[in-house]
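Report on one structure; see the data block that follows.
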Amino acid sequence: MFIAHAPSGYLLAKAIIRPGCSSAFAKAIILVGVVGAVIPDIDMVYFYLFDHRLHHHKYFTHWPITWLALLLMATLLLRWAATKKAAFLLAVFALAGMLHMLLDSVVGDIWWQAPWIKQPLKLFTIAAVYQPWWLNFILHWSFAVELLICLAAVYVFFKTPA
C-alpha cells in the first residue's frame, strides 16, 4: 500500500465518531486515526538510515501482535481508568495500526505470526515486470483499490460535518 494508509485512517476515525461527540474530541479521533494508520511505516526511517537489508515489514511496527497488544492495553484502560478519553484514543490508534496491517496484507508481506513464526502472508503477489520497482505496484489492479479508498476519504471529507 502506497497512498491509502492516511485516507483509510481518516475513514476509520469518521466511522467511529458518534453524534454528540464534541468537535475537539472528534478532531482528536481523526488525528489519532490518521497517525495510527501511517505510523507503522515509521520503520522505513530506520530501514533507509541504517539497515538497507531487512524488509521493513519485519520490524515490530509491522507485527500485528504489536497493535493487538496496544488494543488490549486500551481495552483494559477503558475498563479501569478514571478518564476514558485517552484510553479511547489509544484504542483508535491501535485499530488504525491494525488496519494498516490488513491493507498491507493485500499485496505486501506481513508476518502475522511474528515474532514466533517467521512466515510472511499476503493475499496476492505482484509480479516484478517493470523498472523502477514501484511501477509494478502502481500498474497493478490493487492500486485501483487504493485510489478508491482515497476517493472515499475525499467524499466523506466534503459530505460530512467536521
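The values are calculated or read from the model by the stated rules, or taken from the named source; none is laboratory data. Values in this document were obtained by computation on a predicted structure and should not be read as measured data. Glycine gets a Cβ as well: all are built from the backbone with ideal geometry, and neighbour counts include every protein chain shown. SASA here: full protein model, heavy atoms, side chains in, ligands and nucleic acids out. Shrake-Rupley method; radii C 1.70, N 1.55, O 1.52, S 1.80 Å.
Structure values in brief
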item	result
Contacts under 6 angstrom Cβ, first residue in the stretch 92-118 being without any contact (Cβ under 8 Å) to a residue 24 or more places away in the chain and part of a loop (DSSP other than H, G, I, E, B), partner open to solvent by 10 Å² or more (accessible area, probe 1.4 Å) and small (Gly, Ala, Ser), 6 or more apart	none
Selection status of LEU11, of a type in the set (A, V, I, L, M), out of contact with any His (no Cβ under 6 Å at 6 or more places or on another chain), farther than 16 Å from GLY108 by Cα and open to solvent by 80 Å² or more (accessible area, probe 1.4 Å)	no
Any hit, the stretch 125-132, residues being without any contact (Cβ under 8 Å) to a residue 60 or more places away in the chain, surrounded by 11 or more Cβ atoms within 10 Å (Cβ to Cβ) and in a helix (DSSP H, G or I)	no
Residue list for the stretch 139-162, filter: open to solvent by less than 80 Å² (accessible area, probe 1.4 Å) and modelled with pLDDT under 95	THR160
Residue check for LEU78: in contact (Cβ under 8 Å) with a residue 12 or more places away in the chain, closer than 18 Å to PRO40 by Cα and open to solvent by 40 Å² or more (accessible area, probe 1.4 Å)	no
Helices (runs of 4 or more DSSP H) enclosed by the stretch 1-69 - at least 1 residues per element that are at positive phi and modelled with pLDDT under 95	none
